[in-house]
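Below is one structure, written out as structure tokens; the observations come after it.
What follows draws every value from the coordinates through simple rules; no lab data is involved. Fair warning: this is a prediction, and the values are worked out from it, not measured in the lab. Cβ coordinates were reconstructed from backbone atoms using ideal geometry, including for glycine residues, and neighbour counts include every protein chain displayed.
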Amino acid sequence: MIDKQIFQNKKAAYFTLGCKLNFAETSTLGKHLAEQGIRKVLPGEKADICVVNTCSVTELADKKCRQAIRRIKKQHPDALMVVTGCYAQLKPKDVSRIDGVDLVLGAGEKMDVLEYIDKKIAVSPIKDVQTFIPSCSSDDRTRHFLKVQDGCDYYCSYCTIPFARGRSRNGTIAELVQMATVAGQEGGKEIVLTGVNIGDFGKTTGETFFDLIKALEQVKSIDRFRISSIEPNLLTDDMLMFIAQSQRFAPHFHIPLQSGSDEVLKLMRRKYDTAFFSSKVYKIKQLMPDAFIGIDVIVGVRGETENLFKETEHFLEQLPFSQLHVFTYSERPGTMALKIEPAVSPKEKQERSKRLLELSNGKIRAFYRSQIGTAHKVLFEHTKRGTNMHGFTENYIKVEADYNPSWINKLVDVTLSEFNAGETALTAVRRMANGEEHL
């Protein structure tokens, strides 16, 4: 058995792949190890422990995790290599066989690294994982990611997340409000609420997600909250009306559609149809005309014929959203989707993805163009001295300005002006009491 004391005053490096939820968890894991005497490695130092928090949402994600583990081992050849996250939970034996991996931790064990350092694999069955540990990423002082919920009870036909994350569970409103308050007191300006299925918040505490956002609205130390991906059937009209009047919740929505074909939605076992989804988008636009709406779509799922894909394409062309997040379907072992026929060829998947990305590019340019001349508050982020700096408006428009250290982590009043040279952001004019000046 390895003596935990040998890790006192050691150095750890942390690597996160995948979603914002993973980033929040990695940050909390780092805090736990720091409390046990293990500091974060400094640039240029060799680590004694490397912790890799993995993703497994697609086959490509698995591949990127394997590549990252091998690359990190070369960078820190003498470090204890610890791998956790969804890939570790789903395929612990496969992960343990990757050269350089010393310890594989599951969802229930990831926060207790030193308890398992004498093991090779410590992964509990996901049905046995009941605990919830609130997490808040604080690596970037400008924006924090607050984990409010974990797990999913939906079991969509294409998805392995319930097998990697377990049942839906959450923290209490009281403890999450406290974490948000502390993040603000430590200098955070914006918090993104994260989880696997955040609209399902409350399963373990008898509370609701609407209760949570109403409580967070009262946290005066935070200027702005954003809601990460939320299922359309859980985004209620009452919630939308509250956000439309909110002083802190941003008019920014990320809603998974997955397909614009009702037939494909049934194959996916989604909990809504296109008419419901469309009504939700139009409700947002009615209440918040300038709201940013991002939509997730999966192309090439089993059963998606060319005609069914065209239904998705046509549905999206008519919808007033701002940007698409396009994912190519990846077959995952153990999912019900594997029984569906026909399969879509890789070439067809690639072509469909390209078509939707082109549609998305047109939509986001049109949205940005519609915002030229409007007034906003931009939260500017850390950047290298001498380069252009960037920030985001409350409705998630990327803004570019010349470097000014006094604007870092500050909300600056601006009027949006024009596209930058690369057409990736809008430039702005600063609004001041005695007039305007270019940023």
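Answer rounded, prolate or oblate for the range 200-281, using the Cα gyration tensor with square roots of eigenvalues a ≥ b ≥ c: rounded when a/c is under 1.5, else prolate when a/b is larger than b/c, else oblate. The shape class here is prolate. Converting phi to 3J(HN,Hα) with the Karplus coefficients 6.51, -1.76 and 1.60 and the offset θ = phi - 60°, the range 351-359 yields 5, 5, 4, 4, 5, 6, 5, 5, 4 Hz in sequence order, with x at every glycine or proline. Residue exposure proxy: Ser370, Ser56, Ser406, ordered by other Cβ atoms within 10 angstrom of their Cβ from fewest to most, comes out as Ser406, Ser370, Ser56. Karplus-based coupling profile of the range 16-32, in residue order and whole Hz: 10, 10, x, 7, 4, 4, 4, 4, 4, 5, 4, 4, 5, 4, x, 5, 4, with θ = phi - 60° in 6.51 cos²θ - 1.76 cosθ + 1.60 and x standing for Gly or Pro. Measuring nothing but how far apart in sequence close Cα pairs (under 8 Å, 6+ apart) lie, relative to its length, the range 4-127 scores a relative contact order of 22 percent.
Computed over the range 375-438, the range of Cα coordinates on each principal axis works out to 30, 25, 20 Å, biggest value leading. Basic side chains Lys and Arg get +1 at the Cβ, acidic Asp and Glu get -1 at the Cβ, and with that the dipole of the range 1-119 about its Cα centre reaches some 440 debye.
Evaluate the charge dipole of the chain about its Cα centre and quote only its size in Debye, nearest 20, assuming +1 on the Cβ of each Lys and Arg and -1 on the Cβ of each Asp and Glu.
My answer is approximately 820 debye.
Counted over the chain, the DSSP beta bridges are approximately 40% antiparallel. Among residues other than Ile191 whose Cβ falls under 10 Å from its Cβ, what is the net charge (Lys/Arg +1, Asp/Glu -1)? Its environment carries a net charge of +3. Counting every other Cβ atom within 10 Å of each residue's Cβ, Val301, Val41 order from fewest to most as Val41, Val301. Ranked by how many other Cβ atoms sit within 10 Å of their own Cβ, fewest first, the residues Leu359, Leu103 fall in the order Leu359, Leu103. Database remark: amide H of Ile191 closer than 5 angstrom to the amide H of His144, Arg224, Phe225, Arg226 (H placed geometrically; neighbours at sequence offset of 5 or more, or on other chains; Pro and chain starts carry no H). Distance from the alpha carbon centroid of the range 132-185 to that of the range 63-88 works out to 24 angstrom.
Working note: Karplus 6.51/-1.76/1.60 with θ = phi - 60° gives the range 101-111 the couplings 6, 9, 8, 10, 10, x, 4, x, 10, 4, 8 Hz, where Gly and Pro are set to x. Shape of the chain from the C-alpha gyration tensor: oblate (a/c of 1.5 or more and a/b not above b/c, with a ≥ b ≥ c the square roots of its eigenvalues).
Among Ser417, Ser168, Ser228, the largest mean-square fluctuation in a Gaussian network model of the chain (Cα springs under 10 Å) belongs to Ser417.
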